[in-house]
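What follows is a single structure, written as structure tokens, with notes after it.
The values are calculated or read from the model by the stated rules, or taken from the named source; none is laboratory data. Values in this document were obtained by computation on a predicted structure and should not be read as measured data. Reconstructed Cβ throughout: ideal geometry from the backbone, glycine too, with neighbour counts over all protein chains shown.
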Amino acid sequence: MTKDERIALVIGHWSLVILVLLALAGCSLGAPSAAVSGQVPGGGASTPEEVVRAFFEDLRAALKDRTLANDERRGQIAEQLANYFAPNERDDQRVALRSALDSFVIGQGKLDPSEQLTLEVRFEDFQKLFEDDDRAMIRPVNGSIYVLISRTTSTGVVTEYEDSVGFDKILGREDGAVPVVRIGKSWFLTEG
């Protein structure tokens, strides 16, 4: 397989992961992120910003998880991330997340041993664009996915591919916002 074919395969699989993980329309992970104080059991949070922040923080941690190649671990991560969605959407999201993570790991396996893939979820903060009684739109400020494929050679590290894709492009929304819904007293991600 040529360098360009490997890059296309890995980027193609990662694009699938992005689209599935963020079909929102619009360190180690054992339990949902404890970084968010307003988080409630089941993956929701007490404010719209908190549930979006927790999801993206856990997604960031998942991409750095050194045990992602482990089948059982991928299942745990998919379950955890799916729990941020509204309860009626979780089964579909769990299957989609698991499939995307499996495809991503397969794509990583296509890299040569001297190649390294770095994926990083980046954001500065979270801004509420809209909120009514039970719906809100939250924008990750300067949200993007950074992709780097590098190769270690006898002369050092060489960059083969580098790009940063904004959430606005990933989500297909100019504002790059994520929809959330309130169910009871808790906020959850929603497909739209």
Please enumerate the residues belonging to region 140-169 that are out of contact with any Ser or Thr (no Cβ under 8 Å at 6 or more places or on another chain) and not charged (D, E, K, R). 140, 141, 142, 143, 154, 155, 156, 161
Any residue in region 77-85 that is of a type in the set (Gly, Ala, Ser) and part of a loop (DSSP other than H, G, I, E, B)? no
Test set (1) in contact with a helix residue (DSSP H, G or I) (Cβ under 6 Å, 6 or more places away or on another chain); (2) surrounded by fewer than 18 Cβ atoms within 10 Å (Cβ to Cβ) - residue 82 fails condition number: (2)
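Conditions tested, residue by residue: (1) in contact with a helix residue (DSSP H, G or I) (Cβ under 9 Å, 6 or more places away or on another chain); (2) assigned to a helix (DSSP H, G or I); (3) modelled with pLDDT of 90 or more.
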residue	(1), (2), (3)
104	yes, yes, no
119	yes, no, no
126	yes, no, yes
145	yes, no, no
163	yes, no, no
173	yes, no, no
192	no, no, no
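For (1) touching a Leu at 6+ places or on another chain (Cβ under 7 Å); (2) aliphatic (A, V, I, L, M), each residue gets a yes or a no:
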{"position": "142", "(1), (2)": "no, no"}
{"position": "147", "(1), (2)": "yes, yes"}
{"position": "152", "(1), (2)": "no, no"}
{"position": "166", "(1), (2)": "no, no"}
{"position": "171", "(1), (2)": "yes, yes"}
{"position": "175", "(1), (2)": "yes, no"}
{"position": "179", "(1), (2)": "yes, no"}
{"position": "185", "(1), (2)": "no, no"}
Within region 156-188, of all residues that are small (Gly, Ala, Ser) and farther than 14 Å from residue 127 by Cα, the one surrounded by the most Cβ atoms within 10 Å (Cβ to Cβ) is 186
